[in-house]
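Accompanying notes for the structure given below.
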Amino acid sequence: MYVAVKGGERAIENAHRLLAHERRGDRDVPEVSLAQISGQLSLGVDRVMTEGSLYDRELAALAIKQARGDMIEAIFLLRAFRATLPRFGASEPVDTSRMQVRRRISSTFKDMPGGQILGSTFDYTHRLLDPVLAGESMPEAPALAEAQPLAMPRVTDILGRDGLIESSPAEDADQPVGDLTRDALSFPADRDLRLQNLARADEGFLLSLGYSSQRGYGRNHPFAGEIRLGEVEVEFMAEDVGFAVPLGAITLTECQMVNQFKGTDTEAPCFTRGYGLAFGQSERKAMSMALVDRALRARELGEDVQAPAQDEEFVMSHSDNVQATGFVEHLKLPHYVDFQSELGLLRKLRKEFHEAMETPSEMQEAAE
Amino acid sequence: MNAPTYNFAYLDEQTKRMIRRAILKAIAIPGYQVPFASREMPMPYGWGTGGVQVTAAILGTNDVLKVIDQGSDDTTNAISIRKFFEKTAGVVTTTSTADATVIQTRHRIPEAPLHAQQVLVYQVPIPEPLRYLEPRETETRRMHALGEYGLMHVKLYEDIARFGHIATAYAYPVKVNARYVMDPSPTPKFDNPKMDNCPALQLFGAGREKRIYAIPPYTSVVSLDFEDHPFTRYKHDACCALCDSGDSYLDEIVTDNKGSRMFVCSDTDYCETRQSQGHRGSENAAPYAESKHA
């Protein structure tokens, strides 16, 4: 009887065995391959790479398979692996104005140099379940066009020429970029760390916070200045050879929100920016991130900090789903000992309460 | 695919050095919470990642490791962490408190007195004793820097005004080396006196919150109280049903649907040691070893 309340090594082993069995599912059905996950559940892979902070499609697909499609569990697997990787240095800043664009839209200008490119998107699809997909499907080959040889200027750069929007912070090669995975976070945090935190943050959490800012909790009048998706080259400055070596191309989604700013006594009114960047095609994430980035700039821009989305300690301390899920789910661990002390305390308090009810205390008498 | 290979005790040496620097700072400033760059570990946050990182950083090949959760070596998470270090460090593990050189614990301090050759590593969920009084890190750090602990005393005073005594049963705040107010982790207040002037080094790791703190050996640890309402240790109304101990912390176990219950030591090693010495409780007329594996 007594033994039953304690866990056993055997129980853990059997639980893991059962987990592996259930992960596999019906053994008469072919096992899903990493190539299938990577190719056909690609937006899930993009999310796991983004929040897992590791650009590796194959490992992200493996994580999704191992996690039985539980995205946060998959993100956790990838993060734990990432933490063990040696760090050789930081890449050169990627230049998204040199992106090979596959999709690019702006809600602020009807047309601009480079044009609007719709690309692949759920936007404007009718959300009707498609029975054709229940079986094998062979969709039409996509329409093709010549790739634009010209660099596509960012919409915010166009606005910037007239000084209508604040300029992006100047690049400073000597300025070290913070890394919250290598240094403990302290508050107030600078924007580099905030953006890193938001890039790793749970998509759902940022979506809700961004949404709350649109509904008036820290409103900042956003326009989707530009959302672009495509491939950018990553370069690494190799000290040995003395120049930047290309490492390859990665797919990124970038969102620049354009927001109102009323100006101050010394600064003219102008548009301000909120910035979002994510691996793969992750538009919801990039847009939410841009909204929250702008909301978190309230202090810097002299706005009142009143709403949750503007409160950096609140946002940054609770945005990480790996941390959040661990702490919420740790309530499954035994708490016999604390509970026992609470039980003892509660019994004592109840006993004292009932005793006091039976014999009115001096204080009660004095009050009467 | 990048096939992973792992270092001794999982963490790479660079990370271990970073953690050891934080530990040294923590020892130099007893009770002060040192920020450190906590890593993502292969177990979830809130399940002992802080303790695991501290253990990984201090573990040597000759160490003997004991892991307990709720005082027991046999709870699932204790087993999981012990296996983790068996696998990644290959160190000898034990359930004996006396034989261990490193003891990682969650929610308890062993009943047997610790000695100077031992390190006790606590898993800490919320390292900030002032957190539930003030949610902001910027504020609580300032309060610690100024030794501004009025808020905590007000909380304890309000308990007394309302209940006639301090109504905190676990994670009962302590003052370390007459300077920093510290959260002892969610150990029952029963265990607080064991921290005071302890010969062993006590290290506290909070992974999710990225903090390490320490109580060096033979340091004063005082549970907060008032002159007219001194700290009292929780006392059970029962003795252990297995080993008859009258001064250990007891788990309450419901034994049937009618709500009958029995009390047994939460520290399984302590309880088993006593039984092997011939102590018998009310439920344990037969030798314990037989009933255990029935």
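The values are calculated or read from the model by the stated rules, or taken from the named source; none is laboratory data. Since the structure is predicted, the reported quantities are computational estimates derived from the model, not experimental observations. So basically every Cβ, Gly included, is an ideal-geometry build from the backbone, and we count neighbours across all protein chains shown. What goes into the accessible areas is simple: the full protein's heavy atoms, side chains included, and nothing from ligands, DNA or RNA. Shrake-Rupley method; radii C 1.70, N 1.55, O 1.52, S 1.80 Å.
Hey, among the residues in region A:258-285 that are closer than 28 Å to A:ASP162 by Cβ and polar (S, T, N, Q), which one's most open to solvent (accessible area, probe 1.4 Å)?
Checking each candidate, the answer is A:THR266.
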Quiz item: Of A:ASP95, A:ASP46, which residue is more than 9 Å from chain B (Cβ to nearest Cβ), surrounded by fewer than 19 Cβ atoms within 10 Å (Cβ to Cβ) and either under 29 Å from the mean Cα position of the chain (by Cα) or without any contact (Cβ under 8 Å) to a residue 12 or more places away in the chain (or both)?
Solution: A:ASP95
Exercise. Could you please tell me which pairs satisfy a Cβ distance under 9 Å, a separation of 6+ or placement on different chains, a first residue in region A:135-148 that is over 19 Å from A:ARG98 (Cα atoms), and a second residue that is in a loop (DSSP other than H, G, I, E, B) and acidic (Asp, Glu)?
Key: A:SER137/A:ASP130
Exercise. Residue by residue through region B:75-95, note down the ones that are open to solvent by 30 Å² or more (accessible area, probe 1.4 Å) and more than 18 Å from B:TYR6 (Cα to Cα).
Key: B:THR76, B:VAL92, B:THR93, B:THR95
Practice problem: Within region A:102-121, identify whether any single residue is closer than 20 Å to A:GLU203 by Cβ and among the hydroxyl-bearing types (Ser, Thr, Tyr), and answer yes or no. | Solution: yes
Quiz item: Any idea which residue in region B:209-230 is most open to solvent (accessible area, probe 1.4 Å), counting only those that are within 14 Å of chain A (Cβ to nearest Cβ) and assigned to a loop (DSSP other than H, G, I, E, B)?
Solution: B:GLU209
Self-check item: From the options A:SER186, A:SER120, residue that is among the hydroxyl-bearing types (Ser, Thr, Tyr) and under 24 Å from A:GLN310 (Cβ atoms)
Solution: A:SER186
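Conditions (1) free of Cβ contacts under 8 Å to residues at least 24 places away in the same chain; (2) open to solvent by 20 Å² or more (accessible area, probe 1.4 Å), marked per residue:
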{"position": "B:GLU137", "(1), (2)": "yes, yes"}
{"position": "B:TYR149", "(1), (2)": "no, no"}
{"position": "B:GLU158", "(1), (2)": "yes, yes"}
{"position": "B:TYR172", "(1), (2)": "no, no"}
{"position": "B:VAL181", "(1), (2)": "no, no"}
{"position": "B:LYS189", "(1), (2)": "no, yes"}
{"position": "B:MET195", "(1), (2)": "no, no"}
{"position": "B:CYS198", "(1), (2)": "no, no"}
{"position": "B:GLN202", "(1), (2)": "no, no"}
Quiz prompt | Neighbours by Cβ (under 8 Å, 6+ apart or cross-chain): first from region A:98-119, free of Cβ contacts under 8 Å to residues at least 40 places away in the same chain and within 12 Å of A:ILE227 (Cα to Cα); second open to solvent by less than 40 Å² (accessible area, probe 1.4 Å) and not aliphatic (A, V, I, L, M) | solution = A:GLN116/A:ARG104; A:GLN116/A:SER106; A:ILE117/A:ARG103; A:ILE117/A:ARG104; A:LEU118/A:ARG103
Quiz item: Would you pick out the residues in region A:174-190 that are charged (D, E, K, R) and either touching a residue at least 60 places away in the same chain (Cβ under 8 Å) or surrounded by 13 or more Cβ atoms within 10 Å (Cβ to Cβ) (or both)?
Solution: A:ASP179, A:ARG182, A:ASP183
Practice problem: State whether one or more residues within region A:150-163 are assigned by TED's automatic domain parsing to the domain that holds A:GLU231, farther than 17 Å from A:ARG102 by Cα and in contact with a strand residue (DSSP E or B) (Cβ under 8 Å, 6 or more places away or on another chain). | Solution: yes
Quiz item: Can you name every residue in region B:137-180 that is under 25 Å from the mean Cα position of the chain (by Cα), among the basic types (Lys, Arg) and either within 10 Å of chain A (Cβ to nearest Cβ) or not in a loop (DSSP other than H, G, I, E, B) (or both)?
Solution: B:ARG141, B:LYS155, B:LYS175
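If you go through region A:49-84, how many residues are within 19 Å of the chain's Cα centre (by Cα) and at positive phi?
Matching residues across region A:49-84 total 2.
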Quiz prompt | Checking A:GLY225 against (1) more than 17 Å from the chain's Cα centre (by Cα); (2) closer than 30 Å to A:LYS110 by Cβ; (3) surrounded by fewer than 20 Cβ atoms within 10 Å (Cβ to Cβ), the condition it does not meet | solution = (3)
Self-check item: Residue in region A:49-80 that is least open to solvent (accessible area, probe 1.4 Å), counting only those that are part of a loop (DSSP other than H, G, I, E, B) and over 28 Å from A:ASP179 (Cα atoms)
Solution: A:GLY69
Quiz item: Which of the following residues is out of contact with any strand residue (DSSP E or B) (no Cβ under 7 Å at 6 or more places or on another chain) and either open to solvent by 50 Å² or more (accessible area, probe 1.4 Å) or in a strand (DSSP E or B) (or both): A:GLU233, A:GLU171?
Solution: A:GLU171
Exercise. State the number of residues belonging to region B:266-284 that are assigned to a loop (DSSP other than H, G, I, E, B) and surrounded by 22 or more Cβ atoms within 10 Å (Cβ to Cβ).
Key: 3
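Can we say A:GLU73 is in contact with a helix residue (DSSP H, G or I) (Cβ under 9 Å, 6 or more places away or on another chain) and closer than 21 Å to A:GLN281 by Cα?
Answer is yes for this residue.
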Exercise. Select from region A:293-338 the residues that are in contact (Cβ under 8 Å) with a residue 12 or more places away in the chain, more than 22 Å from the chain's Cα centre (by Cα) and open to solvent by less than 10 Å² (accessible area, probe 1.4 Å) and list them in ascending order.
Key: none
Practice problem: With respect to A:ALA80, determine if the residue is closer than 24 Å to A:THR325 by Cα, among the small types (Gly, Ala, Ser), free of Cβ contacts under 8 Å to residues at least 24 places away in the same chain and facing another protein chain (nearest Cβ under 10 Å). | Solution: yes
Quiz item: Conditions: (1) in contact (Cβ under 8 Å) with a residue 24 or more places away in the chain; (2) part of a loop (DSSP other than H, G, I, E, B); (3) at the interface with another protein chain (Cβ under 10 Å from one of its Cβ atoms). B:PHE263 meets all but one. Number of the miss?
Solution: (2)
Self-check item: Condition broken by B:ARG108, with the remaining ones in (1) under 24 Å from B:ASP247 (Cα atoms); (2) open to solvent by 70 Å² or more (accessible area, probe 1.4 Å) satisfied
Solution: (2)
